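The structure under discussion appears below in the form of structure tokens.
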Amino acid sequence: MYVCNIPSSSKTNTLNLGPEIALIAKVQKVTLMELHHICGHRDPASLRRMYIDGHIEGIKLDLNSKAKFCETCARAKAKHNPFPKEGHYEYVQGAGDKVVTDLIGPMDVKSLGGARYACTFRD
């Protein structure tokens, strides 16, 4: 997001750093959607208000830019169906067709063998 430059003068570049090392940051103008991505997909209207109120510093926001559809936000807000109360499995016909397991631990008290975890299997 930020373009960084190093002065080419040997007096100011005493460490002999290459141009890929940043010493001075130059502020660039960003769009509302770029700021939305930078700030972890926060609400664009809130970000605009925060910038106007002076809570966001170090950038120049393009106030003419508009909020657009964000695929990441849409996927994050997608609803999931609840798990069913009871399972219905047509493929379960005999012993061993469906085995359910659970791992428990770490437990505060060790077993006689010194284990702090337990694993259960249910057919």
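Identify, from the list 77, 60, 110, the residue that is surrounded by fewer than 10 Cβ atoms within 10 Å (Cβ to Cβ) and among the basic types (Lys, Arg).
Only one candidate passes the filter, namely 77.
Residue 103 meets the conditions (1) modelled with pLDDT of 80 or more; (2) under 27 Å from the mean Cα position of the chain (by Cα); (3) open to solvent by 100 Å² or more (accessible area, probe 1.4 Å) in every case but one. The failed one is (2). The set of residues in segment 1-39 being part of a strand (DSSP E or B) and either at pLDDT below 65 or aromatic (Phe, Trp, Tyr) (or both) consists of 3, 4, 5, 24, 25, 26.
When restricted to residues that are charged (D, E, K, R) and within 30 Å of residue 38 (Cβ to Cβ), segment 69-96 contains 4. Based on what the data block shows, is residue 100 among the aliphatic types (A, V, I, L, M) and touching a strand residue (DSSP E or B) at 6+ places or on another chain (Cβ under 9 Å)? The answer is yes for residue 100.
Going through 49, 42 one at a time, which residue ends up being open to solvent by 60 Å² or more (accessible area, probe 1.4 Å), without any contact (Cβ under 8 Å) to a residue 12 or more places away in the chain, part of a helix (DSSP H, G or I) and basic (Lys, Arg)?
Going through 49, 42 in turn, just one is open to solvent by 60 Å² or more (accessible area, probe 1.4 Å), without any contact (Cβ under 8 Å) to a residue 12 or more places away in the chain, part of a helix (DSSP H, G or I) and basic (Lys, Arg): 49.
The values are calculated or read from the model by the stated rules, or taken from the named source; none is laboratory data. Keep in mind the model is a prediction, meaning the values are calculated, not measured. As a convention, Cβ positions derive from the backbone with ideal geometry for all residues, glycine included, and neighbour counts pool all protein chains shown. All accessible areas refer to the heavy atoms of the entire protein, side chains included, with ligands and DNA or RNA removed. Shrake-Rupley method; radii C 1.70, N 1.55, O 1.52, S 1.80 Å.
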